[in-house]
Ligand SMILES: Nc1ncnc2c1ncn2[C@@H]1O[C@H](COP(=O)(O)OP(=O)(O)O)[C@@H](O)[C@H]1O
Ligand SMILES: [Mg+2]
């Protein structure tokens, strides 16, 4: 196990800055996911931690000791890539033992580690096969096994499941999770898939354009997104956003005027109340927090353009009177049909998120 600290870590390729100063403290044994859209700098950050890329600024410390100048091989880390990077001409057993033989480790110790990793990852039956004779999922287990036998202080994974089909991805997610439970090592896992992040992480670091947007437990990000970007990125189907302005502010609530003319109350307020009146906002509400108006007055109307019945859940998609697209997720089955005009209640005031439209920053809930 090991802790990891990033202090103002930066990376430039020539004159182009791609990582703009990231601070992050990871504790012993945590499962951390770096998530963000393609090109946001996840791999670059992971490769700097691994020692495969030179750090342009700031400091990376493992267990409190700076490792900026420590070569990759001496950092005690092991990395698993999307492309399995197995040696095609070697057996699975040789693929697992090769790196240890290079370290001149005693033969019986190598055999012990290979046997243990093979058992843990359920690849014992394939030890004498070559990678070409394995399925994608089996190959990725061998690639993980190759990291396990090194008994690293920290495991680094770079989109290891992206080449697998959806069903196998779900299965491997569970296997990596149980590997983490069994070994207890610190693990850093990079993905562009927010569902992987939500299901696997102890804490998620959301990256955007080389900056850390938010760092927290999965449900913290879901319940209290700090920005429009995190709100839109975490959660599926995506959070709905409606344009509007701040009409009135009290110490614990705001009244918003939406683009379509509706008034909505939210239980948050800007720090400097009166100045915010008139400011442009985006009101965020998750599809699962919207309900159909029955006895109560609707907050907003929706012209339904598509209904999806999944059996257990139903999705309604449509447009608001002001022409904004909007989705609703209902538990169970629905009689609402395409072409219906329905009234919606936008959750309770505490489930409504308000973001400054100019900065994207949230007005924190009270
Ligand atoms: N070797 C390189 N030289 C120049 N630019 C690079 C290099 N590697 C990555 N980049 C750039 O750095 C940014 C971050 O890339 P990367 O870390 O691979 O993103 P991600 O893994 O999140 O998709 C991208 O804009 C990419 O084009
Ligand atoms: Mg990448």
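Some observations on this one:
- All of 220, 209, 193, 158 fail the test of being within 16 Å of ligand 2 (Cβ to nearest atom), surrounded by fewer than 20 Cβ atoms within 10 Å (Cβ to Cβ) and within 14 Å of the chain's Cα centre (by Cα), apart from 193.
- Looking only at region 82-105, residues that are within 32 Å of the chain's Cα centre (by Cα) and assigned to a helix (DSSP H, G or I) come to 4 in all.
- Residues located in region 42-54, provided they are within 14 Å of ligand 1 (Cβ to nearest atom) and either part of a helix (DSSP H, G or I) or within 18 Å of residue 26 (Cα to Cα) (or both): 42, 43, 44, 45, 46, 47, 48, 49, 50
- With respect to (1) in contact (Cβ under 8 Å) with a residue 40 or more places away in the chain; (2) away from ligand 2 (no atom under 16 Å from the Cβ); (3) surrounded by 16 or more Cβ atoms within 10 Å (Cβ to Cβ), the lone exception for residue 59 is condition (3).
- Of 190, 174, 206, 195, all but one fail to be more than 18 Å from residue 153 (Cα to Cα), in contact with a helix residue (DSSP H, G or I) (Cβ under 6 Å, 6 or more places away or on another chain) and assigned by TED's automatic domain parsing to the domain that holds residue 24; the exception is 206.
- Condition check for residue 79: within 16 Å of ligand 1 (Cβ to nearest atom), assigned by TED's automatic domain parsing to the domain that holds residue 130 and within 15 Å of residue 149 (Cβ to Cβ): yes
- Among all positions in region 40-49, there is at least one residue which is at positive phi, in the same structural domain as residue 82 (by TED's automatic domain parsing) and within 14 Å of ligand 2 (Cβ to nearest atom).
- From the list 43, 56, 25, the one residue that fits, being over 25 Å from residue 233 (Cβ atoms) and touching a strand residue (DSSP E or B) at 6+ places or on another chain (Cβ under 7 Å), is 56.
- Filter result (within 16 Å of ligand 2 (Cβ to nearest atom) and either buried (at least 16 other Cβ atoms within 10 Å of the Cβ) or outside the structural domain of residue 47 (by TED's automatic domain parsing) (or both)) within region 1-17: 11
- Selection from region 18-39 of residues that are surrounded by fewer than 16 Cβ atoms within 10 Å (Cβ to Cβ) and either part of a strand (DSSP E or B) or at negative phi (or both): 23, 25, 27, 28, 37, 38
- Listed by position, the strands (runs of 3 or more DSSP E) inside region 142-252 whose residues that are within 16 Å of ligand 1 (Cβ to nearest atom) number at least 1 are 154-158, 186-191, 203-208, 211-216.
- Answer from 138, 94 - the residue that is out of contact with any strand residue (DSSP E or B) (no Cβ under 7 Å at 6 or more places or on another chain), at pLDDT below 95 and in the same structural domain as residue 40 (by TED's automatic domain parsing): 138
- Counting only strands (runs of 3 or more DSSP E) that sit wholly inside region 277-328, those with at least 3 residues that are touching a residue at least 60 places away in the same chain (Cβ under 8 Å), closer than 19 Å to residue 232 by Cβ and in the same structural domain as residue 348 (by TED's automatic domain parsing) are 280-285.
- Within region 166-183, the only residue that satisfies the criterion of being over 19 Å from residue 201 (Cβ atoms) and touching a residue at least 12 places away in the same chain (Cβ under 8 Å) is 168.
The values are calculated or read from the model by the stated rules, or taken from the named source; none is laboratory data. Remember, predicted model here, so these are calculated numbers, not experimental data. A quick note on method: Cβ atoms are made from the backbone with ideal geometry, for glycine too, and the neighbour counts reach across all protein chains shown.
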